[in-house]
Structures are given as structure tokens and as C-alpha cells.
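Heads up: the structure comes next, in C-alpha cells.
Nothing in this text is a laboratory measurement; each read-out follows from the coordinates by a stated rule. Given the structure is predicted, the values throughout are model-derived calculations rather than measurements. Please note: Cβ atoms are built from the backbone with ideal geometry, for glycine as well, and neighbour counts cover all protein chains shown.
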Amino acid sequence: MEEKSRRSIKDYAPAADAGALEADEIIRLARMARIVDERDGLPLFRKLKAAQDKDAVLLVDAMDDEPYISSQLGPLLHLREECASGAALARRAVGAKDVLVLVYKNITDLEIKIPKTIEGLEVQRIGGVYPADNRSESSLPRRKNASYLYVGACALIHLHRAVFQGTVQTTAFVTVAGDCVDKPANLEVSLGLSATRVLEACGLIVQPNRVIAGGSMTGVSIADTDKVTVTPVTRALLAFREDQRDRRSACIGCGRCTEVCPMGLDPRFICACLDMNRRGELRKTDYQYCIGCMSCSYSCPAKLDLAARVFGLSHKGEVEG
Ligand code: SF4
Ligand code: SF4
């Protein structure tokens, strides 16, 4: 045991033949390479260990279902051999009976064609509203008694590199976008690099009023981009000018906010009830089930910040009056 704990990843890799590696050896390499799954922030080796011998189906997550983000799909398509190789390793590590690649059906901001297979792996397109996780399993072909192991496409690329190149994870794949960014791109960025440096690498047209680290819906606003650095779960850095004066133009009644709401709410109606102080009707809207995903705000062409109002209301508790 002591002998093993002193070993570095270089003692094992690069492997000449992944087929010769035992499952536990692959998991050990994932631990030594300190690979973190970008989809949930969990160490990859823990996920693989927990899924061993469960007869799972391995789901390669490249769904990128939040607006602006393509930091899983981009690497999946551009580094497809590495990703497929990582998937084969993960499959061997857990003894998975099958592998599927999941991509988002409603890709709007990429001029790309999604193939039906990637390096021989079946690609499954997941449709519907955000978040994709809520519905991905119901969209999959029925598999009797199947359990599912989701692993991020980028974590699998890092697993391939750990095994075949003997490298520790030192980078993350980050989408840099937003209306302040000159050249939106997916970059492979060194861990620890400041958000300022990453944004500058893609060119800032104007100084942003708002920078979000992480997903556009699940990320957090950054106050000081010098102090925020890239971590394995930094999926995106988004810079917006977002002039508050531009907000709250009139609703055009397009209904998009209702279409995208994963909780089946009608954000426009809820906000109208608030505006008109219709407390009785408001109570019947199920506003308290809002999860604050921000899908309604992001899809609203009138730039109304519906999510802030509905989610804020849901946190206030019972409507009075
Ligand atoms: S923020 Fe709330 S109201 Fe808006 S889409 Fe998400 S769950 Fe629905
Ligand atoms: S998405 Fe915006 S403009 Fe469209 S119905 Fe909803 S609130 Fe109105």
C-alpha cells in the first residue's frame, strides 16, 4: 500500500495498450491524475468506483443545455478520438454494458452538424426544456433494469490523457462568450488562470457590466475577474454589457417563457399578477415551484427579468392579502 501511495502517475503511464489495463488500474490512474468531472465537480475515480459492477450504461454528457455554452460539445467533436478512448476506458473500469453519447437537441448557437455516431459510439439527442438532466433518461431507448452513469465528455478526455500520456489534469475546457466578447470560443485553459486573462484571450469589445462564471443559468456573477480563477468545473466565462436601462421593455406575448419553463409555470402571467397586485390569482399559479433556473429570462426577447421576480416571490413564502 505504501509503495503504491508513493507512486506518481508517471510510474504507470503512458500505457501502450488500454486493453491490458485492469479496471482498478484505470480507476487508480483517474485518481492520480486528479480528474474532476466537469458536470458535477466530483472526482472521476470516485464515480467510477461507485459504479463498478452495477451493470450500468455509461452516458457521455455533452448536452451543454444552457444558453451560450458548448464546452462539452466542442471538445467532444474536436477531440472525438480522445473522448471515445476515455469512454472506452471508463466503460472497462465500471464494466458498463453500453455507452451512449448525449447531446442537446436544440442547439441554436453553433453552426454544426451532430453525427449519428462518434467513433462508433451512438449519439442520442435529448430534447425539451432546461435542465436536460431531468428528462435525459426518459428520452433514452428503454433498457431493462438499467442504471446510468453520467460522465462529462471533458473528464473522459482527461482520462484518456492520464492513461496514454501520463498527465495530471491541469486544464479545463471553457466557453468564452457574451456580447462583450470579440471572438467567442471554446478554449482549453490552464487551471488557476484568472478570468480576466481568459476573457482577454478572446478580446473584449467593451468592459462588461456582468461576468458569469459557470453556466449562464447555474453560474455565479463575478465581481472581480482578477480574483476568480479557472477550476475544473468552470464550464464558461460569459461577459455581458447588460445595460439595465435596456431591460423591461414591453412583453410581446410570444409565450417563450412558458414554453421553456421546466416547472410548467407561466412566468409572464405570474409577473402580470404581481404588476396588477392580483394576489388571489397569484396564489393559484404555483409560483412557489420556481427553481430559479433563469430559462424564462434568457429566452425572453423583451429582456424581461422574469426569473428574478418569480424566484424572488417563491422565496418570500405565502403571498399575503
Ligand atoms: S426561473 Fe422559475 S419561472 Fe423561470 S423558467 Fe425557471 S422555473 Fe420557470
Ligand atoms: S418570453 Fe418575454 S416577451 Fe415572450 S411572453 Fe414571456 S415575458 Fe412576454
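Return the sequence-ordered ³J(HN,Hα) values of the range 221-231 in whole Hz as given by the Karplus equation 6.51 cos²θ - 1.76 cosθ + 1.60 applied to θ = phi - 60°, using x for Gly and Pro.
6, 9, 7, 10, 6, 6, 8, 9, 10, 6, 10
Sorted by mean Cβ packing within 10 Å, highest first, what order do the peptides 206-214, 296-304, 58-66 take?
In decreasing order of mean packing, 206-214, 296-304, 58-66 become 58-66, 296-304, 206-214.
Calculate the spin-label point distance for V168 paired with K227, positioning each point 7 Å from the Cα along the beta-carbon direction, and give it in nanometres.
So the label points at K227 and V168 sit 2.7 nm apart.
In a shell of Cβ-Cβ distance under 12 Å around Q72, excluding Q72 itself, what net charge do Lys and Arg (+1) and Asp and Glu (-1) give?
Summing Lys and Arg as +1 and Asp and Glu as -1 gives -4.
Quick check: pseudo-label points 7 Å beyond the Cα along Cα→Cβ at A250 and A185, how many nm apart are they?
Reported label-point gap for A250 and A185 is 4.4 nm.
My understanding is that a pair violates if its Cα-Cα distance is over 25 Å; which of K47/K183; K47/K116; K113/K183; K183/K303; K183/K227 do that in this structure?
K47/K183; K47/K116
With an 8 Å Cα cut-off and a minimum separation of 6 or more residues, compute the relative contact order for the range 246-316 in percent.
Averaging sequence separation for qualifying contacts and normalising by length gives 39 percent for the range 246-316.
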